[in-house]
Amino acid sequence: MREQEPVELVCAAFDIATSSYYDYKKRSRKIDVERLGLRSKVKELFRASRGAAGSRTLVSMMRERGFTIGRFKVRRLMSEAALVSKQPGSHAYKLAGAERADIPNHLDRQFDVDAPNKIWCGDITYVWVDSRWHYLAVVIDLHCRRVVGWSLSTSPDAELAVKALEMAYEQRGKPQGVLFHSDQGSQYVSRLFRQRLWRYRMTQSMSRRGNCWDNAPMERVFRSLKSEWIPTLGYMSKHEATKDIGFYLMDYYNWHRPHQFNDGVPPAKAENLSNLLSGIS
């Protein structure tokens with residue numbers, strides 16, 4: 001319409017001052033280089049999270065990299081870039097059942113731990129790999145929710161759980177007196193696994209039957225892994241799965257992904273900071 005009629009006539013028809021039109025035109029020509037840079041960084045971090053990071057997570061990641069930015073602005077930048085986070089909905093857990101008489105629930109949902117290598121949690125989940133189910137065992141240190149061991153296998157047997165525990169034990173410098181908590185899965189009540197705990201001088205604790213809340217930190221790790229990282233159709237090969245899951249657990253999750261429990265600080269960095277403040281080398 002502007003190309004056919006004078007600007008003054010068009011503005012008069014819509015009851016708009018010509019000065020307002022020219023002011024708008026001037027602003028629309030100006031490129032906000034700083035905003036473009038922020039939007040580009042938000043997109044980069046969003047892609048690194050495989051579309052899982054929401055505004056709260058992106059704010060933590062941006063601030064860790066030296067940007068002064070708030071959640072409202074990140075939301076606007078995400079909207080401008082058409083970024084939509086893929087976060088799962090709520091999940092209903094079962095109520096508590098009975099605990100084992102021979103292996104009590106020593107942890108009893110006391111998830112706040114004041115130092116590393118005091119309490120570890122373990123669990124097993126399944127992943128679709130090469131047209132069949134594979135099984136993933138993971139061990140975390142409750143202190144800062146850091147992943148310290150994991151193992152992937154075609155069989156959900158006791159050896160799978162032992163390998164994850166062994167990795168954690170070796171990687172953490174063979175600590176003594178650790179409390180190891182898990183659900184009542186057959187792998188964790190097996191003679192093989194319990195003998196390994198005895199050899200490592202660890203105390204065993206178990207959730208009440210059918211109660212996921214008793215091992216909630218592990219449930220959170222698997223929830224994040226499956227909703228944020230693992231491809232919808234699974235992996236083409238075990239090699240691909242091992243490489244990709246290992247990167248997520250030991251690198252991205254531990255060192256880069258903000259964790260709400262640590263006030264937005266990734267688990268490994270939170271642990272290092274805690275050790276520094278307490279004088280642990």
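Nothing in this text is a laboratory measurement; each read-out follows from the coordinates by a stated rule. Small disclaimer: the values here were computed from a predicted structure and weren't measured. Quick reminder, even Gly has a Cβ in these numbers, built from the backbone with ideal geometry, and neighbours come from all protein chains shown.
Within 10 Å of each residue's Cβ, count the other Cβ atoms and sort 198, 229, 150, 120 from fewest upward.
Going from least to most buried by this count: 198, 229, 150, 120.
For the chain, what is the relative contact order in percent, using Cα pairs closer than 8 Å and at least 6 residues apart in sequence?
With pairs under 8 Å counted, the relative contact order is 18 percent.
Once phi is turned into θ = phi - 60°, what whole-Hz ³J(HN,Hα) does the Karplus curve with 6.51, -1.76 and 1.60 give for every residue of segment 236-246, x standing for Gly and Pro?
7, 8, 5, 4, 5, 5, 4, 5, 6, 5, x
Just to be sure I understand: of the beta bridges DSSP finds with both ends in the chain, what percent are antiparallel, rounded to 5?
Here the share of antiparallel DSSP bridges comes out near 70 percent.
Most mobile of 37, 149, 185 per a Gaussian network model of the chain (Cα springs, under 10 Å)?
Of the options given, 37 has the highest mean-square fluctuation.
If you plug each phi of segment 129-137 into the Karplus form 6.51 cos²θ - 1.76 cosθ + 1.60 with θ = phi - 60°, what whole-Hz ³J(HN,Hα) values come out, in order, with x for Gly and Pro?
Calculated HN-Hα couplings, in order: 9, 6, 6, 7, 7, 10, 10, 10, 9 Hz.
Most mobile of 39, 65, 132 per a Gaussian network model of the chain (Cα springs, under 10 Å)?
Among 39, 65, 132, the largest mean-square fluctuation in the Gaussian network model of the chain belongs to 65.
For segment 31-80, just run the numbers: alpha carbon Rg, then divide by 2.2 N^0.38 Å, N being how many residues it has.
Normalised Rg, Cα atoms only: 1.01.
With N set to the residue count of segment 119-278, report its C-alpha Rg divided by 2.2 N^0.38 Å to two decimal places.
Taking N as the residue count of segment 119-278, the ratio is 1.01.
State the Cα centre-to-centre distance between segment 127-192 and segment 212-281 in whole Å.
14 Å
Is the chain best put as rounded, prolate or oblate by its Cα gyration tensor, with a ≥ b ≥ c the root eigenvalues, rounded for a/c under 1.5, and otherwise prolate when a/b is larger than b/c, oblate when not?
The shape class here is prolate.
Please tell me the relative contact order of segment 31-80 in percent, rounded to the nearest whole number, where contacts are Cα pairs under 8 Å and at least six residues apart.
Reported relative contact order: 38 percent.
As a test of the formula, what do you get for the chain when each DSSP H run with n ≥ 4 contributes -39,500 (n - 2.57) and the sum is divided by the residue count, at 222 nm and rounded to the nearest 500 deg cm²/dmol?
When only DSSP H runs of four or more count, the value is -12500 deg cm²/dmol.
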